[in-house]
Amino acid sequence: MKRTLAKVLIAAPLLLVPVGALVLAGIVLAADAPAPAPTDMPAPAAAPRAAGEGPALPPSDVAAPAAENPASAPSDMTPQVDNLADKGKYLATAGNCISCHTRPGGAEFSGGVEFHTPFGLIHSTNITPDPETGIGKWTEADFIKAMHDGVAPGGRRLFPAFPYPAFTKVSDDDVKAIYHYLTTLKPVAYTPPANGMMFSSPARWGMIFWNALFHTSERYKTDTAQSAEWNRGAYLTEGLGHCSMCHTPRNVAGAEKQDEAYSGGEIMDKVGEGEGKIRKWAGVNLTPAKSGLGAWSVDDIAAYLNKGFASRHAGTWGPMTEVIVNSMRHLSVEDTKAMAVYIKNLPPREPAGGVAIAEDQTKAGAPVYKDRCSKCHMDSGRGGMFNGPPLVGSAIVQHADPASLINIIMYGANAPKEVSTGQWETMKALGEVMTDAEIAAVANYVRSSWGNTGRPVQAADVAKQR
Ligand code: HEC
Ligand code: HEC
Ligand code: HEC
C-alpha cells in the first residue's frame, strides 16, 4: 500500500495568523461561516429517487425504517455490521486515517507524517493504542470529542489539518466503531517530532476563536426529500470522505467557503518521483458544471472511485492516488455508487468568468500539441482505448487554476500499480524536454480546443511549478 509522503496543506496555517487579525478576518468573512448542513444546500436538480433503490443490505440491516422518515440514518448502511471492529476498520478506511497517520517506513497509524506549510511544519499524531505516546489512555468520549469538535483530552485544540470539520458529520455510533477498531491495533511507542513554532502548543489557543467562527459541531442530518442512496452518498462524501478538504476553496482564515462547495480547492503535495519536491495542486471542480465533472456519468464517477479507472474519462495519477488506493477502492460498490449519485447531483458551480484564451494563443500551441500529445490524446482530443484518456471535457484541463494540468505535463502520470488503467500508454514527464513557454502554449491549446474553456496560462505560471 502506498504511503503518504510529505504533504502540505495551504489552508491549515492560515489559522495561525495572529489571533487579533484572525478575529478581524473572521468578522469580515463571517458570511462564509458557519458550514450549512447539506440539508441547507440548494436541492439538486434531478435526484434519482426510486423506492427500494438503495444499496443491497445484509438482511439484518433491513429493519423497517421509521415510516415517516424513509431515508433515515444513512450511517446505518455500513456493510459488515456483525463485528464492531470490522465495521470500524471499514469506516476508518473510508476516512483514510492510514494515509495521513502513517509516515513513510513507519508503523501503520503511528503518525509522524509531515505537513509542510508556509508557517512551518505540523505532524500527524500517533493514533495507535499506546498509552504513553498514542491514544491508549483516551476514553471513547475523548475520541468522539476529538473527531467532532477538534479538542483532545486536557482541552488541547487540534488544527484542521486533521479533518474534524468534516468528521463532525459522522454519527456517534460510527465514531465509536472507529475507536473500537483503533483499540484493537498493536500499540506502537512513537512520538512525532516537534511541530514548527506556529503549530506549537501556545498557538493551539487560537483555535478557540477559529472554531467559534468557522466550526459547527453537528452530525449529518438526513434530507428526507432525497433517496436513501443520496443520503448515504452525502454522509460519506461530506463526512469520512472529507472530499471538500481539497476540492472546496477556502477563505483567508482557511475555512471552506460553503457557497462555493466542491468548485475546486488547492493543496500542496509532492510532484514527480522522489520525496523532495512539494508544489501546488488544484483539486478540481467536482460539481457537474462544464469545467467540472459535467461530462461524467454516475457510473463513471463510481468506477473512478472504486477502481481508479473510469475508462471514458480518467484514471488516477496525482494526489487522488492515495485517496483511491488507500481508501475509496476498499469501499463497497454500493457506497462508491452512493457517493457518485451525491456528487453528480451537486449544484453545478462554474467559477466566475475570467479572460478567455485568445485565438493566437490557441494557434501557438497547436504545433506543440501535434508534436508532444496527439500520439496518445489524438488530434480530436478524444484519446483512444490503447492510447490515453480524452482531454475533451476534462476537469483537469479546464479548471480555473491550471496547477494540476501543468503538473501532469511537467511530471507525467504514472498510474499506481494497485489499479489498472486498461491498455493506455504511460504519460512520461515532459518538463525536461519542454520550455515553460511551450508548456504554457500547449496548455492554452488544450484549454481552448474542442469546445473546452479555461483561463490563459502564462509561462510564469509554469515556472512556479518547476
Ligand atoms: C488529511 C490528513 C488526516 C486525515 C485524513 C486524518 N487525520 Fe488524524 N490528524 C491529522 C493531523 C495533521 C493531526 C494532528 C493535529 C494537531 O496536532 O493539531 C491529526 C490528529 C488526530 C487525532 C488527535 C490525536 C492526538 O493525540 O492529539 C486523532 C484522534 C486523529 N487524528 C484521528 C484520526 C482518525 C480516526 C482518522 C480517520 C477517520 C484521521 N485522524 C484522519 C491528519 C489527518
Ligand atoms: C505516451 C502517451 C501520452 C502522451 C504523449 C501524452 N499523454 Fe497525457 N495522458 C496519457 C495517459 C495514459 C493518461 C492517463 C494517466 C492515468 O490515468 O494514469 C494521460 C492523462 C493526461 C491528462 C489528465 C486527464 C484527466 O482528466 O485526468 C492530461 C490533462 C494530459 N494527459 C495532457 C497531456 C498533454 C497536454 C500532453 C502533451 C504535452 C500529453 N498529455 C501527452 C498519455 C499520454
Ligand atoms: C488530499 C487532497 C484530496 C482529497 C482528500 C480528495 N481529492 Fe480529488 N483531487 C485532488 C487533486 C489535487 C486532483 C487533481 C489531480 C489528481 O487527479 O490527482 C483531484 C482530482 C479529482 C477528480 C478528477 C480526476 C480527473 O482525472 O479528472 C475527481 C473525480 C476527484 N478528485 C474526486 C474526489 C472525491 C470524490 C474525493 C473524496 C472521496 C476526493 N476527490 C478527495 C485532491 C484531493
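In the set (1) modelled with pLDDT of 90 or more; (2) among the acidic types (Asp, Glu); (3) closer than 27 Å to Ala225 by Cβ, Asp142 fails one condition alone, (3). The one condition from (1) of a type in the set (Gly, Ala, Ser); (2) without any contact (Cβ under 8 Å) to a residue 12 or more places away in the chain; (3) over 21 Å from Gly112 (Cα atoms) that Gly206 does not meet is (2). When the range 122-180 is limited to residues that are in a loop (DSSP other than H, G, I, E, B) and touching a strand residue (DSSP E or B) at 6+ places or on another chain (Cβ under 7 Å), the one that is surrounded by the most Cβ atoms within 10 Å (Cβ to Cβ) turns out to be Ile127. The residues on offer are Leu240, Leu236, and the sole one that is hydrophobic (A, V, I, L, M, F, W, C), in a loop (DSSP other than H, G, I, E, B), buried (at least 24 other Cβ atoms within 10 Å of the Cβ) and touching a residue at least 24 places away in the same chain (Cβ under 8 Å) is Leu240.
Yes or no: the range 414-422 includes at least one residue that is within 26 Å of the chain's Cα centre (by Cα), surrounded by 20 or more Cβ atoms within 10 Å (Cβ to Cβ) and of a type in the set (Asp, Glu). Checked against the condition, which is being within 26 Å of the chain's Cα centre (by Cα), surrounded by 20 or more Cβ atoms within 10 Å (Cβ to Cβ) and of a type in the set (Asp, Glu), the range 414-422 yields no hits at all. Across the range 313-328, what is the number of residues that are within 16 Å of ligand 1 (Cβ to nearest atom) and either in a loop (DSSP other than H, G, I, E, B) or farther than 26 Å from Arg382 by Cα (or both)? So the count comes out to 8. Listed by position, the helices (runs of 4 or more DSSP H) enclosed by the range 390-466 that each have at least 1 residues that are touching a residue at least 60 places away in the same chain (Cβ under 8 Å) and of a type in the set (Ser, Thr, Tyr) are 403-411, 436-448. Restricting Val355, Val433 to residues that are closer than 27 Å to Gly265 by Cβ, surrounded by fewer than 15 Cβ atoms within 10 Å (Cβ to Cβ) and more than 26 Å from the chain's Cα centre (by Cα) narrows the list to Val355.
Contact map, the range 309-322: residues that are over 15 Å from Met427 (Cα atoms) and modelled with pLDDT of 90 or more paired with residues that are among the small types (Gly, Ala, Ser) and within 15 Å of ligand 1 (Cβ to nearest atom), Cβ distance under 8 Å, separation 6+ or inter-chain. Pairs shown: Pro319/Gly283; Glu322/Ser99.
So in the range 176-220, with the set limited to residues that are basic (Lys, Arg) and modelled with pLDDT of 95 or more, which one is nearest to Pro131 (Cα to Cα)? Looking at the filtered set, the residue picked out is Lys186.
The values are calculated or read from the model by the stated rules, or taken from the named source; none is laboratory data. Quick caveat, the model's predicted, so the values are computed rather than measured. So basically every Cβ, Gly included, is an ideal-geometry build from the backbone, and we count neighbours across all protein chains shown.
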